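Notes follow once the structure below has been shown.
The values are calculated or read from the model by the stated rules, or taken from the named source; none is laboratory data. The model shown is predicted, which means the values in this text are computed figures rather than measured ones. Virtual Cβ from ideal backbone geometry, glycine too; neighbours counted across all protein chains shown. What goes into the accessible areas is simple: the full protein's heavy atoms, side chains included, and nothing from ligands, DNA or RNA. Shrake-Rupley method; radii C 1.70, N 1.55, O 1.52, S 1.80 Å.
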Amino acid sequence: MRRLPWLWFLLLLLPASAAAVDITPIPITAPGRLDSLRVHAGRIVRAIDLPAGLVTRDYVIRREIRSRVGEPFDPDLLRDDVQRLENLAIFAEIAVDVVPDSAGGVAIHFGFREMPVLVPMIGFRYTEEDGFSVGPGISSLNLGGRAVSVSGRAYFGAADQYWGRATWPWISGNHLSFEAYAARLSRFDVRNAFHEKSDEIYARVGTYTGDHGRLSARASYLRTQSEESGITLSPDNDDRLFGLYATAGWDTRDSHRVPRTGWQNEIEVGKVGGFLPGDGDFESLVLDVRRWLPTGKRTKLLLSGLLSIQSGTVGVDVPLYYRYQIGGANSVRGWPVQGPSEALAGTSQLIGTAEYSRTILPIERYDVFGWSFAVGLDAVAFGDAGVAWNEAEGFALDRTRHGIGGGLRLLVPGSEMLRVELGWNGADTIMFHFASGSKPAAQRSRNR
């Protein structure tokens, strides 16, 4: 743990906040800590103890722990227990100790430093399309001690936006989950050259199938108004799009926050309009593949591919603002965000990414004015390639854009990471990119 008062600026960035219970066992992140516990392997577990006074409910912690009283102690199973607890993203630090007793058994003692429960903040929004907006917000990653995440923001500046999100990742059963999101946005859409006013709402339910399978369904509503004619499908410059989506996934990552090995794959099919009310009438298919490979003690390689296909014709079945465009921090880096006259765009896209990263500062606990956060820093080198098309003949190698570069990632709770990057497309000037969230996740968003 480090006490760095200068990290107060993270409060402007983090959608988190907290109470803390002092840790008495040794932090699990201590070098070789879990390996040193192998001396106790095979002894019967007599007790699994949690500290008193935590905000987090006991059952939220215990359902992640698969080590069992009355069974032989397994250090590898304990490592998996700790990783599942870290995946909750509500603890700044997790500690564990295994204590032998006089009868030849062991007791497992856990300790936790919780991240803040609730934090008001002054935050910012930035995209290469819209620039900077600033405003107040409030967030909780552990509402009611149930690992429920609730956030709300109001941003003013280059784009005015208000949004709220609530996520309950495990209600019952095998990770039955629920997520709801609502937002209002007012901006000038640089990619499509129109003044946009939009309202978006969606609700998602999901569950696990086994340990690695994922299933979910989502219903969405998007209303988009344009000050310019010829942008919306409706002649009154006011579109209303209703959509239904079904998703199946496979997730074998060793960590949700900083994966070093495993897969995260997803296939999504969707329908907008048609038998649903509102404007538009098209189907969509998304195939998202991500693979992490460890290459050294502090290095790893990420390979990702995203294929997005939409049926229909732009301006007839598919609105103009649903086109995919190649270029920018969350697409092919090294290329700028481009307007409609110069954009490589279409109803379908294919983007490939390779990222080689090295840990500069491992994630560890920092105390800021009595609040605890887990923060880290990585350096990365990357290569991107992508193409967008309408008709089949547009899917061609000579239309593909490429970019290479490097940068830094500040690993923060809630936002996952902040990215500062330099990209080069081999011809024009070097591009500076700044974005939040991992690139493979951010490129899925309609507003990139």
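Computed quantities for the displayed model
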{"quantity": "Positions within the range 330-359 being out of contact with any Gly (no Cβ under 8 Å at 6 or more places or on another chain) and of a type in the set (A, V, I, L, M, F, W, C), in sequence order", "calculated": "Ala345"}
{"quantity": "Residue check for Arg79: within 26 Å of the chain's Cα centre (by Cα), in a helix (DSSP H, G or I) and either on the phi > 0 side of the Ramachandran plot or free of Cβ contacts under 8 Å to residues at least 24 places away in the same chain (or both)", "calculated": "no"}
{"quantity": "Matching residues, the range 167-178, being among the β-branched types (Val, Ile, Thr) and crowded, with 17+ Cβ neighbours inside 10 Å", "calculated": "Thr167"}
{"quantity": "Tally, over the range 194-251, of residues that are within 25 Å of Ala158 (Cα to Cα), polar (S, T, N, Q) and out of contact with any strand residue (DSSP E or B) (no Cβ under 6 Å at 6 or more places or on another chain)", "calculated": "1"}
{"quantity": "Qualifying residue in the range 354-366 (condition: touching a residue at least 24 places away in the same chain (Cβ under 8 Å), closer than 20 Å to Ala89 by Cβ and surrounded by fewer than 17 Cβ atoms within 10 Å (Cβ to Cβ))", "calculated": "yes"}
{"quantity": "Hits in the range 54-79 - residues which are among the charged types (D, E, K, R) and surrounded by 15 or more Cβ atoms within 10 Å (Cβ to Cβ)", "calculated": "Glu64, Asp74, Arg79"}
{"quantity": "Criterion: of a type in the set (A, V, I, L, M), surrounded by fewer than 19 Cβ atoms within 10 Å (Cβ to Cβ) and at pLDDT below 95 - qualifying residue of Ala379, Ala345, Ala427", "calculated": "Ala427"}
{"quantity": "Test: residue in the range 226-247 that is at positive phi and of a type in the set (S, T, N, Q)", "calculated": "yes"}
{"quantity": "Total residues in the range 140-163, condition out of contact with any Ser or Thr (no Cβ under 9 Å at 6 or more places or on another chain), at negative phi and of a type in the set (Gly, Ala, Ser)", "calculated": "1"}
{"quantity": "Residue among Gly152, Gly135, Gly164 that is surrounded by 17 or more Cβ atoms within 10 Å (Cβ to Cβ) and either in a strand (DSSP E or B) or among the polar types (S, T, N, Q) (or both)", "calculated": "Gly135"}
{"quantity": "Members of the range 290-329 that are open to solvent by less than 20 Å² (accessible area, probe 1.4 Å), assigned to a strand (DSSP E or B) and among the β-branched types (Val, Ile, Thr)", "calculated": "Thr299, Val318"}
{"quantity": "Tabulated pairs, the range 337-349, first in contact (Cβ under 8 Å) with a residue 24 or more places away in the chain and farther than 20 Å from Leu306 by Cα, second open to solvent by less than 20 Å² (accessible area, probe 1.4 Å) and among the aliphatic types (A, V, I, L, M), C-beta under 7 angstrom, 6+ apart or interchain", "calculated": "none"}
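The rows are residues; the columns are (1) of a type in the set (Asp, Glu); (2) open to solvent by less than 30 Å² (accessible area, probe 1.4 Å).
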position	(1), (2)
Arg399	no, no
Glu421	yes, yes
Met431	no, no
Phe434	no, no
Ser438	no, yes
Ala442	no, yes
Ser445	no, no
